[in-house]
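Asks: There's a structure below that I have some questions on.
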Amino acid sequence: LIYAQDANNIQQVFSSEKLPTLWRALPALERLLSAWEKKKDDPHYALYAEALEAGIAKILKYYLMLDSKPAFVLALRKFVF
């Protein structure tokens, strides 16, 4: 699947054995949302539009929850340079 490649690339952002990665969540989700929103409106990906819309809705659900999570806010303050 074409759009699965985007998700796989973003998943690699969270892969680290030695460094914390929670602070990377918001930028990674934003990149994935942008990529899928562009593809959803592109006629080349019309076959996948419904799946992309469902994926976008699921990502937005969790993206919007990050504002109220103290662990995420703490991770941003502690690890962003």
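Asks: Just to check your reading of the model, which residue among LEU76, LEU33, LEU22, LEU1 is modelled with pLDDT of 85 or more and aliphatic (A, V, I, L, M)?
Replies: LEU33
Okay, residues lined up against (1) in contact with a Phe, Trp or Tyr (Cβ under 8 Å, 6 or more places away or on another chain); (2) surrounded by 16 or more Cβ atoms within 10 Å (Cβ to Cβ); (3) assigned to a loop (DSSP other than H, G, I, E, B):
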{"site": "LEU32", "(1), (2), (3)": "no, yes, no"}
{"site": "TRP36", "(1), (2), (3)": "yes, yes, no"}
{"site": "LYS39", "(1), (2), (3)": "yes, yes, no"}
{"site": "HIS44", "(1), (2), (3)": "no, no, no"}
{"site": "TYR62", "(1), (2), (3)": "no, no, no"}
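The values are calculated or read from the model by the stated rules, or taken from the named source; none is laboratory data. Bear in mind that the values here come from a model prediction, so they are computed numbers and not experimental data. Cβ coordinates were reconstructed from backbone atoms using ideal geometry, including for glycine residues, and neighbour counts include every protein chain displayed.
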